[in-house]
Amino acid sequence: MSLKDTDQFSTVIKARIAKYAKTTSVSEEGAVISIGDGIASVSGLDNAMLYELVEFENGSFGMVLNLLADYVGIVMLGDFDNISENSIVKRTKRVVSVPVGDVMLGRIVNPLGQAIDGHEPIQATKFANIEKIAPGVMTRQSVSQPLETGILSIDSMFPIGKGQRELIIGDRQTGKTTVAIDTILNQKGKGVYCVYVGIGQKNSSIAQLARVLQAKGAMDYTVIVSATASDIPALKYIAPYAGVTIAEEWMSQGKDVLIIYDDLSKHAVSYRTLSLLLRRPPGREAYPGDIFYLHSRLLERAGRLNKENGGGSITALPIVETQAGDISAYIPTNVISITDGQLFMMTSLFNAGQRPAIDAGLSVSRVGSAAQIKCVKQMSSSLKLELAQYHELDAFSQFGSDLDADTKRVLEHGKRVMLMIKQIQNNPIDQIDETILLFAIKERFIKWIPLNSFDDYKTSILSHFADLPLRKELVEKKAFDDSMTAKFKEEFKKFTKNYVLKLKDYDLKSYGSSIELEVEHDHKVKK
């Protein structure tokens, strides 16, 4: 066959293909083959897209999640009681999307972006698809700005930066959600928008959360996306993607956003339920093979964009619940490997009254001091080491009481450090105030304070320094030099001496037999 004949043959084939394409119609309607447990198998939707929204003849909507040769698998997003075999299903030709923009602020919505707070419907002018590809590496910049949580133990030892993904992990009822809520409250006046995604929570829990945020004025910059325990699995599955889509709109405008996923354990369970009902092959712990991809594609959408792309950021705080502290289970290890650190909430610390109950040994921030202002970094550099020594010696001391003076001194200091970093709920602390409290720890002024006086001591410190020129100087410089360190030492000496002498129940025994009473400049503290 000559080259000329080959060209003619190719032309004929192309013409026939074009003719076939014109005469062949692709179905835009289908019929239900079977339906049950919120899953519909539909034939005839030959051109359906993954995650496409389809409409059933009863007015309910579903989302395409399985694309097979003979039919598509659809998960229901609404009522399916009136749907039966051969019911008509229509394509909408659009992927599941949610309303975005400032119109969402202060609202409680379901994962489809519909208001569920009892107020007027949301009048949105812009919608965005819930499934997007995460920003590429070249559009990002390194994490270097702190996202202040207002929680002393976190900001000092496990700092979180804008654009970071920090996992909050621990057993149920150990204060995980409280840490997240306090972080939202601390963003007031800092220009950070917040998105709270509740997955599988009780309606009463969401209502209580909304009341707290409303009372503290935090709903002005917050949106709550709620898929409660009574909702069908499909809504719980799309909830975090709807939340991050709302956050991405603000990030694209150059704004900073904080998003909470509470929690991804229930999210994984909802996806497992859908996958098993769609007859996908089960893997470890009956989760489908793509369970890692489920959370990685979600959390990769957090980050900090470079200046050329607006400079906005999304900081993600996913929450994962463990069983009996087992962080080696499937979902916890998956999310740990995706995130940039974790805050491990320890049950024994929580039961002992420590708030927040963060285990300094298992917790870590992989961004670290890059997300701290200099004065916090200077004052907290040795804190983790001191706590590690305390916890190690505290466990050792349980076996005997005959301890040397150095060991007793470490234990006494450790007890006081734990009391200094203890913090009540819904009471975030400013970073400069955190620095002043850390100064008292680092310079060992806390050794003079009886154990039962620490709550009042911390309040008195902040009240005493509030209007001093010394604090204003620290606000301006955000760093300690030799001169400022000397000034703070002198002020703390006077304040601590006066505070101790005013204590009515002051007793030398409060210090323990191993601690010598020494006061600088030959001042003596008397009973």
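Brief remarks follow.
- Near pairs, Cβ below 8 angstrom, 6+ apart or cross-chain, from segment 180-201 (more than 14 Å from L105 (Cα to Cα)) to any residue that is among the polar types (S, T, N, Q) and surrounded by 24 or more Cβ atoms within 10 Å (Cβ to Cβ): D182/T149; T183/T149; N186/T149; G198/S226; Q201/S226
- Out of G78, G150, one residue alone is farther than 21 Å from E249 by Cβ and crowded, with 20+ Cβ neighbours inside 10 Å. It is G150.
- Residues located in segment 251-265, provided they are at pLDDT 95 or above and crowded, with 24+ Cβ neighbours inside 10 Å: M251, V257, L258, I259, I260, Y261, L264
- Lone qualifier among S226, S230, S296 - being hydroxyl-bearing (S, T, Y), out of contact with any Pro (no Cβ under 6 Å at 6 or more places or on another chain) and surrounded by 23 or more Cβ atoms within 10 Å (Cβ to Cβ): S226
- Filter result for the condition that a residue is modelled with pLDDT of 90 or more, surrounded by fewer than 13 Cβ atoms within 10 Å (Cβ to Cβ) and among the acidic types (D, E), over D522, D433, D482, D505: D482
- Test: I441 is over 22 Å from M484 (Cβ atoms), surrounded by 17 or more Cβ atoms within 10 Å (Cβ to Cβ) and under 31 Å from the mean Cα position of the chain (by Cα): no
- For S397: the one exception among (1) open to solvent by less than 30 Å² (accessible area, probe 1.4 Å); (2) modelled with pLDDT of 90 or more; (3) of a type outside the set (K, R): (2)
- Any hit, segment 141-156, residues being farther than 22 Å from C194 by Cβ, aliphatic (A, V, I, L, M) and touching a residue at least 60 places away in the same chain (Cβ under 8 Å): no
- Residues within segment 270-288 that are assigned to a loop (DSSP other than H, G, I, E, B) and small (G, A, S), tallied: 1
Conditions (1) open to solvent by less than 40 Å² (accessible area, probe 1.4 Å); (2) outside any loop (DSSP other than H, G, I, E, B); (3) at pLDDT below 90, marked per residue:
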site: Q378; (1), (2), (3): no, yes, no
site: Q389; (1), (2), (3): no, yes, yes
site: L393; (1), (2), (3): no, yes, yes
site: H413; (1), (2), (3): yes, yes, no
site: Q425; (1), (2), (3): no, no, no
site: K447; (1), (2), (3): no, yes, no
site: S460; (1), (2), (3): yes, yes, no
site: S463; (1), (2), (3): no, yes, no
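- The set of residues in segment 315-360 being in contact with a strand residue (DSSP E or B) (Cβ under 8 Å, 6 or more places away or on another chain), open to solvent by less than 40 Å² (accessible area, probe 1.4 Å) and either closer than 22 Å to D290 by Cβ or without any contact (Cβ under 8 Å) to a residue 12 or more places away in the chain (or both) consists of A316, P318, I319, V320, I331, P332, V335, I336, I338, T339, L349.
- Residues in segment 123-144 that are open to solvent by 40 Å² or more (accessible area, probe 1.4 Å), farther than 19 Å from G311 by Cβ and not in a loop (DSSP other than H, G, I, E, B): F127, N129.
- Among the strands (runs of 3 or more DSSP E) confined to segment 61-122, the ones with at least 1 residues that are over 24 Å from R280 (Cβ atoms) and out of contact with any Ser or Thr (no Cβ under 7 Å at 6 or more places or on another chain) are located at 88-95, 97-99.
The values are calculated or read from the model by the stated rules, or taken from the named source; none is laboratory data. Everything numeric here is computed off the predicted structure, so don't read it as measured data. Because the Cβ atoms are built from the backbone with ideal geometry, glycine has one as well, and the counts that use them run over all protein chains shown. These area figures cover heavy atoms from the full protein model, side chains too; ligands, DNA and RNA do not enter into them. Shrake-Rupley method; radii C 1.70, N 1.55, O 1.52, S 1.80 Å.
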